[in-house]
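Right, one structure below, let's go through it.
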């Protein structure tokens, strides 16, 4: 895009896809929507709008990743506790 005179604005598309598959599906889908908005706004040469959508996608991806890690950790913790409880019986 820089060859066309348009700034490079990160879309975080791959991070959004990772969050959809591994962490938090609903937030990953929202982040993917904003990632698409980045590319759409850059194609219209709306650099300020693309930056805003990029920042939104980044924040949502951070929240999705943290939420996913917390939920996965809690599930693993309770699975281990449940397994220990069963082994005592």
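Annotations
- All of (1) touching a residue at least 12 places away in the same chain (Cβ under 8 Å); (2) within 10 Å of the chain's Cα centre (by Cα) hold for residue 11 with one exception: (2).
- Considering each residue of region 14-26 in turn, none proves to be surrounded by 18 or more Cβ atoms within 10 Å (Cβ to Cβ), at positive phi and in contact with a helix residue (DSSP H, G or I) (Cβ under 6 Å, 6 or more places away or on another chain).
- Any chance residue 45 is on the phi > 0 side of the Ramachandran plot, surrounded by fewer than 16 Cβ atoms within 10 Å (Cβ to Cβ) and either modelled with pLDDT under 95 or touching a strand residue (DSSP E or B) at 6+ places or on another chain (Cβ under 9 Å) (or both): yes
- Residue within region 70-85 that is in contact with a helix residue (DSSP H, G or I) (Cβ under 6 Å, 6 or more places away or on another chain) and either loosely packed, with under 11 Cβ neighbours inside 10 Å or in a helix (DSSP H, G or I) (or both) present: no
The values are calculated or read from the model by the stated rules, or taken from the named source; none is laboratory data. Owing to the predicted nature of the structure, the values given are computational and were not obtained by experimental measurement. Every residue, glycine as well, gets a Cβ built from its backbone with ideal geometry; the counts of neighbours run over all protein chains shown.
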